[in-house]
Amino acid sequence: MAQALHNIAFSLEHGAHNHPNQTAIIESRSSTYVSFRELNDESSRIASGLNKYGLKKGDRVLLFLPFSIRFISLAFSLFKAGLVPILIDPGLGKKNILNCISETEPHGIIATPIVHLISKFFPKHFRSLKYKICTSSSWLWGKRTLKEFSSIGKTSFVQNSTLPNNPAAILFTSGSTGPPKGVVYTHAMFGHQLDVLRSCYNIQPGEVDLSTFPLFSLFAVGIGMTSILPEMDFTRPAKVDPKKILNTITKHNITSAFGSPALWNTISSYCISNNRQLTSLNRILMAGAPIPGSLIQNFNHLLKPKATIHTPYGATEALPVTTIERKEILEETLKKSQQGYGTCVGQTVPGIELKIIKITDDTILEWNDSINLMHGEIGEVVVKGPWVTRNYFKRDNETRLAKIKDCDGAFWHRMGDVGYIDDNNRLWFCGRKSQRVRTTSGTLFTIQCEGVFNTHSKVNRSALVGIGKIGSQKPVIIVEPKNLKELKNNSLCDSLIKELLALAEKHNHTHQIKDILIRKNFPVDIRHNAKISREQLTQWATHKILSKSKKQPLKE
């Protein structure tokens, strides 16, 4: 039976048909805006022009320009033309970005003049390019510009004959626990994600969304929301100016917002200090890293009573997987998190299957029921569902490590996380598998141990790392204090460390921790500014432990 045509850009066409004059996107920085009809027409013109230029279905195109109306319009243009946008986070760093480009071998590039200029200095990484398009004209060279494609294209453009399982985009992981990997999305996967987000969180067309993450802005437009792009550096969400964000929320009467916990921590702290509230918001989505209970508590008096905060759990390869709302966290799970149970990330969203299997770092080629664990047992999290990606681009070894073939021909994705399922069928996240600490007395999991130390009033956050050979690692807790200036001398550092060690003695899974270090701030991932880079902290802690006496308070 022939497959029906499917393209994620259909969602934009539906929006343009159902509410053509509704504003689709507003850029706060420039005060420019575009309606759904205008966005749909412009993306069709560009798509038509790209096909006339010679780009054809399945060609990969590197899209490298700032997050903006133009970025979103071009993404939909590429979808419509049957092309596969390659989306690389600009915060990954030069080496990672160049490796990502070499690996994906793009056929074309759409980028700003400065990117085209930089490419001249790294010819081997850009040698696959046949089609080079500039966002604006430049006296440096006579490259094709987007204006040309818009002028030769047609709004009546008929979308390329894409099928549900055709590649739609290649998105790169953040590289927080290893080299970034290209994740292959299909048009059907994007479509399923739209449906799930709409149904799980009751998102309605016509709502106004604060978009602080590029991918979610594409979803917002696809659902029919008005997407507000705030004035901020999207690669540094923790560094947002909260006053600007709050003014944007008020000005546009924003009802829904998505952002990393680092961003919401900055905003909520400012609100508390300046007696500001978020009265227009009906819904907040937080994702990108485990959400501290203290952050959820910050919103107790900032939102109207009926407003919700959801914390979906997932990854670039599978999102969303589970979800939980703040009232359940505050009323049921937070106390357990503070006692070292881990972070409850809720129940699976409809359409996802989730299991816990025995922890192993080896490849698992085929599913076997013998690896499945019972409720309450900590193991590796694996998921299966229609929007779970099947492979990494040109990374066969990583794909084999991350996927388990099921008997029905589908694949389970290994999330790289450890956790367990409780009696209420909720998933409790205990940490990254690669960051577990294996001592002579057993295995310690980061999120469980850190939850205990994070209850101390002077601790902003903590990180568990293991020093030495696997199997006989020495567990070390590194503490980022709320106010380092309060620890101005060694006696105060000593006092805090003694209090933390006494706290550790009260719990079975932390009593063996005898080494505590103090550090001014933690290295975090570039995408959400929230995931702690424990790999970097391990190197730092190893140096500190080896170079100083354990009797001295260790402070950076």
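The values are calculated or read from the model by the stated rules, or taken from the named source; none is laboratory data. All values derive from a computational prediction rather than experimental measurement. A quick note on method: Cβ atoms are made from the backbone with ideal geometry, for glycine too, and the neighbour counts reach across all protein chains shown.
Before moving on, here are some points about what is shown:
- Residue match in the range 73-89 (condition: among the β-branched types (Val, Ile, Thr) and modelled with pLDDT under 95): yes
- ASP209 satisfies every condition listed in (1) surrounded by 24 or more Cβ atoms within 10 Å (Cβ to Cβ); (2) closer than 27 Å to HIS413 by Cα; (3) among the charged types (D, E, K, R) except (2).
- Residue under evaluation ALA504, criteria (1) part of a helix (DSSP H, G or I); (2) out of contact with any strand residue (DSSP E or B) (no Cβ under 8 Å at 6 or more places or on another chain), criterion not met: (2)
- Hey, ILE357 modelled with pLDDT of 95 or more, closer than 26 Å to ILE170 by Cα and surrounded by 18 or more Cβ atoms within 10 Å (Cβ to Cβ) or not: no
- Inspection of the range 439-449 identifies at least one residue that is touching a Phe, Trp or Tyr at 6+ places or on another chain (Cβ under 9 Å), in the same structural domain as ALA530 (by TED's automatic domain parsing) and buried (at least 19 other Cβ atoms within 10 Å of the Cβ).
- With respect to the conditions (1) in contact with a Cys (Cβ under 8 Å, 6 or more places away or on another chain); (2) of a type outside the set (Val, Ile, Thr); (3) under 19 Å from THR212 (Cβ atoms), GLY342 lacks only one, and its number is (3).
- Selection from the range 360-401 of residues that are under 25 Å from PRO85 (Cα atoms) and without any contact (Cβ under 8 Å) to a residue 12 or more places away in the chain: ASP396, ASN397, THR399
- Within the range 468-492, considering residues that are surrounded by 19 or more Cβ atoms within 10 Å (Cβ to Cβ) and of a type outside the set (D, E, K, R), the one farthest from ASP361 (Cα to Cα): LEU487
- Members of the range 498-510 that are of a type outside the set (Lys, Arg) and either under 31 Å from the mean Cα position of the chain (by Cα) or modelled with pLDDT of 95 or more (or both): GLU499, LEU500, LEU501, ALA502, LEU503, ALA504, GLU505, HIS509, THR510
- Among residues of the range 21-64 being in a helix (DSSP H, G or I) and aromatic (Phe, Trp, Tyr), the one that is surrounded by the fewest Cβ atoms within 10 Å (Cβ to Cβ) is TYR53.
- Residue ID - surrounded by the fewest Cβ atoms within 10 Å (Cβ to Cβ), chosen from residues in the range 330-354 that are charged (D, E, K, R) and assigned to a helix (DSSP H, G or I): GLU331
- Residues (surrounded by fewer than 20 Cβ atoms within 10 Å (Cβ to Cβ) and part of a loop (DSSP other than H, G, I, E, B)) located in the range 290-302: ASN300, HIS301, LEU302
- Tally of residues being in contact with a Phe, Trp or Tyr (Cβ under 6 Å, 6 or more places away or on another chain) and hydrophobic (A, V, I, L, M, F, W, C) across the range 334-355: 2
- Single residue of the range 519-549 satisfying the filter (in contact (Cβ under 8 Å) with a residue 24 or more places away in the chain and over 28 Å from the mean Cα position of the chain (by Cα)) that is surrounded by the most Cβ atoms within 10 Å (Cβ to Cβ): LYS544
- Residue count for the range 472-485 under the criterion of being outside any strand (DSSP E or B), farther than 18 Å from ILE378 by Cβ and at pLDDT 95 or above: the result is 1.
- Among the numbered conditions (1) surrounded by fewer than 24 Cβ atoms within 10 Å (Cβ to Cβ); (2) more than 23 Å from the chain's Cα centre (by Cα), the only one that SER68 does not meet is (2).
- In the range 401-418, the residue that is surrounded by the most Cβ atoms within 10 Å (Cβ to Cβ) out of those that are assigned to a strand (DSSP E or B) and not charged (D, E, K, R) is VAL418.
- Check on ALA262, outside any helix (DSSP H, G or I), touching a strand residue (DSSP E or B) at 6+ places or on another chain (Cβ under 9 Å), buried (at least 22 other Cβ atoms within 10 Å of the Cβ) and not assigned by TED's automatic domain parsing to the domain that holds ARG534: no
- Selection of the range 156-204 for residues being of a type in the set (Gly, Ala, Ser) and in contact with a Ser or Thr (Cβ under 7 Å, 6 or more places away or on another chain) yields ALA168, SER176, GLY182.
- THR538 modelled with pLDDT of 90 or more, among the hydroxyl-bearing types (Ser, Thr, Tyr) and part of a loop (DSSP other than H, G, I, E, B): no
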